[in-house]
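*Asks:* The structure is given below, and queries will be raised subsequently.
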Amino acid sequence: MKILHICLAAHYTEGMAYQDNQLPDQNAKDGHEVVVVSDCFKYDGSRLIEVQEEDKVLPSGVRLIRLQYDRVINKYISSKVRKVKKLKCIISNEKPQVIVFHGVAGWEMLTSAKYKENHANVKLYIDSHEDFHNSGRFWVSRLIQYRLFNRLIVNRIKRNVDKFLYITYESKNFLSHMYGLREDEMEFYPLGGFIVDRYVKTQCASSIRARHNFLDSDILIIHTGKLDEPKKTRELILAFMKVESQRLKLLIIGSIPKEREQILFPLIERDKRILFLGWKRGEELREYLAGADLYFQPGTQSATMQNAVCSGTPVALYPYPSHTFYQQDNVFYVKDIADYIGVFERILQDDTLLPKMSEASYKIAFEQLDYKVLAARLYV
C-alpha cells in the first residue's frame, strides 16, 4: 500500500518526536511505501528556519519531498494560503491508496479532495491539531483565515473526506464550532508514541542517573517544551523550591524565549536540584522521558506527554478534557502551585506510588497510544 502524508503546515523536521515523524515511520515499518510532502521550513533546535526544496529517502525508508509555497500576493499571505501547484502532479504520479492531510488548513485540501473524488477507493483523512489555545487567537485570523477561508474549503470538500481526525477534544470543539462539522464526520485520533520496553526504560534511568551523579533513591522529574508563559515553568519551579527534599531533582529540557530568560534563569540558579539541559532532539529526549520518574506538564498541552506515557512514565497534567478522557491511574491532575506541592509531597511519602502509576501508563500506551495501533487504523 502507498501512503501519502501531506504536511504543508507541519514543518517536517527529521529526528523529532512529532506525529508527522512517527506515524509515517510506523507506516514504513509495517511494510508500506510512504511519501511525506512538506513545506520548506524545519526546526533547528527551537528556531524555525527556511530550507530549499528537496527529494530524498530518509533512513526509515520514508521518502521526503519538500516544496515551496506558490507566491500569493506576498510571503506572509503565501504562508497562510499554502498553495503548492506541484502537489497535484505528485499525487497523480504516486497514486496513493491512503492520504493523510495534516492540519485542517490551506488551499491544497482542495487538491487532495479532488483526487479522492476521482478515485473512490482512496482513503482521505484530514487531521486537526487546531484548537482555541493555539489557532485563531486574534480576531483577524479567526475571522479571515478560519471562519472564511478554511471554512469555505471545508464545506466544499467534506463530502470527499473519509474522516476529520481530531487529536484532542479541544480540537473537536474547534472543528465543530469553526467549521460546523457533525459528530459522524469526525473521529478521535490521539497523538501517540513508540512504546519503550521496560528493560530499555531501566537502562535509560541508570544512564541518566550516572550522567548527572544522581542516587538511585532520587526522584527524577522532567519538564519540557518551548518554555513560554503558558507552560507554567515559573510556577512549577516556585512550587519545587518550597519542597526541600534533596531526593527531588527537576530536569528542564527545551528552549526559553528571550523575554522569559530574566525570569527563569535566576530561579533555576537558586536551586542546585534544578538542571536546565537546553534543547534535545527526538532520541535524546525520549531517553530522558523514559529515565524520569515523573513527567510534569502543568501548562499547555504538548505531544511530548504521549511520548512520556509510551515510556511508561507517570504524568502530572492540567485537567484539560482531552487529558481526563483517557488518563486515569497514571496521572496527577494539577491546577495551581498548591497542587504541584501536593504532588511532590505525595511521591516523597509513598515510594510505591510512582511504580504503580508507571504500570498504568504502560497499560494506556498499549491500548490507545501505540503508533502500531494508530497506524493500523489507516489501513482498514
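*Asks:* Suppose every Lys and Arg Cβ carries +1 and every Asp and Glu Cβ carries -1, with no other charges. What dipole size does the chain come out with about its Cα centre, to the nearest 20 debye?
*Replies:* 1220
*Asks:* Still on this structure: HN-Hα J couplings of the stretch 204-213 from phi, Karplus 6.51/-1.76/1.60, θ = phi - 60°, integer Hz, Gly and Pro as x?
*Replies:* 4, 4, 5, 4, 5, 4, 5, 4, 10, 6
*Asks:* So, one more: Arrange the peptides 213-222, 90-99 so that the one whose residues have, on average, the most other Cβ atoms within 10 Å appears first.
*Replies:* Averaged packing, sorted descending, gives the order 90-99, 213-222.
*Asks:* State the answer as a single residue: which of 192, 357, 51 lies farthest towards the positive end of the charge dipole of the chain, with beta carbon charges of +1 for Lys and Arg and -1 for Asp and Glu, about the Cα centre.
*Replies:* 51
*Asks:* Given points 7 Å out from each Cα along the Cα-Cβ axis, report the residue 183 to residue 283 separation in nanometres with one decimal.
*Replies:* Calculated label separation equals 4.6 nm.
*Asks:* Mind checking which of 38, 60, 72 is farthest towards the positive end of the stretch 1-88's charge dipole, using Cβ charges of +1 (Lys, Arg) and -1 (Asp, Glu) about the Cα centre?
*Replies:* Farthest towards the positive end: 72.
*Asks:* Got a sec to turn the phi values of the stretch 151-167 into Karplus ³J(HN,Hα) couplings, 6.51 cos²θ - 1.76 cosθ + 1.60 with θ = phi - 60°, whole Hz, x for Gly and Pro?
*Replies:* Computed from phi, the couplings for the stretch 151-167 are 5, 4, 5, 4, 4, 6, 9, 4, 5, 9, 9, 5, 7, 8, 9, 10, 7 Hz.
*Asks:* In addition: Setting aside same-chain residues fewer than 8 positions from residue 85, which lysines have a Cα under 23 Å from its Cα?
*Replies:* Filter leaves 2, 42, 56, 75, 95, 114, 116, 123, 158.
*Asks:* Answer rounded, prolate or oblate for the stretch 204-252, using the Cα gyration tensor with square roots of eigenvalues a ≥ b ≥ c: rounded when a/c is under 1.5, else prolate when a/b is larger than b/c, else oblate.
*Replies:* It comes out oblate by the Cα gyration axes.
*Asks:* Can you list the HN-Hα couplings for the stretch 288-297, worked out from phi with the Karplus curve (6.51, -1.76, 1.60; θ = phi - 60°), rounded to whole Hz and with x for Gly and Pro?
*Replies:* Rounded to whole hertz, the list is 5, 4, 6, x, 7, 8, 8, 9, 10, 10.
*Asks:* Going 7 Å from the Cα of residue 162 along its beta-carbon direction, which residues of the stretch 83-115 have the amide nitrogen within less than 18 Å of the resulting point?
*Replies:* Under cut-off, by backbone N: 91-92, 94-104, 109-115.
*Asks:* Rounded to a whole number, what is D in µm²/s for the chain from Stokes-Einstein with the Kirkwood radius over alpha-carbon pairs (37 °C, 0.692 mPa s)?
*Replies:* After rounding, the answer is 150 µm²/s.
*Asks:* How large is the helix-only mean residue ellipticity at 222 nm for the chain, computed as the sum of -39500 (n - 2.57) over DSSP H runs with n ≥ 4, divided by its residue count, in deg cm²/dmol to the nearest 500?
*Replies:* Value at 222 nm, helices only: -11000 deg cm²/dmol.
*Asks:* Which loop-located trypsin sites (Lys or Arg not before Pro) does the stretch 61-97 contain, where loop means any DSSP state but H, G, I, E or B and the Cβ has at most 15 other Cβ atoms within 10 Å? Present the calculation step by step, with values, prior to reporting the outcome.
*Replies:* On the way: sites: 63, 66, 71, 75, 80, 82, 83, 85, 86, 88; in loops: 71, 82, 83, 85.
Of the trypsin sites (Lys or Arg not before Pro), the ones in loops of the stretch 61-97 whose Cβ has at most 15 other Cβ atoms within 10 Å are 71, 85.
*Asks:* I've got another one for you. Would you please classify the overall shape of the stretch 198-369 from the alpha carbon gyration tensor, given that a ≥ b ≥ c denote the square roots of the eigenvalues, rounded means a/c under 1.5, and beyond that prolate means a/b larger than b/c while oblate covers the rest?
*Replies:* Note, shape of the stretch 198-369 comes out rounded.
*Asks:* Something else now. Computed FRET efficiency, Cβ-Cβ of residue 75 and residue 267, R0 51 Å: what is it to the nearest 0.05?
*Replies:* Approximately 0.85, to the nearest 0.05.
*Asks:* Shifting gears a bit: Angle between the Cα long axis of helix 19-29 and the longest principal axis of the chain, 0 to 90 degrees, nearest 10?
*Replies:* Helix 19-29 sits roughly 80 degrees off the main axis of the chain.
*Asks:* Let me understand the stretch 317-380 better: what is its radius of gyration from the alpha carbons, and its Dmax, in angstrom?
*Replies:* 14.8, 48
*Asks:* So, one more: Roughly what percent of Cα-Cα pairs across the stretch 2-189 reach past 30 Å? Write down the numbers at each step before the final one.
*Replies:* Working: 2428 of 17578 pairs.
Summing the P(r) tail past 30 Å for the stretch 2-189 gives 14 percent.
Here, each number is a calculation from the coordinates, and none is a lab measurement. Note that the structure is a prediction, hence the values are computed from the model and not measured. Virtual Cβ from ideal backbone geometry, glycine too; neighbours counted across all protein chains shown.
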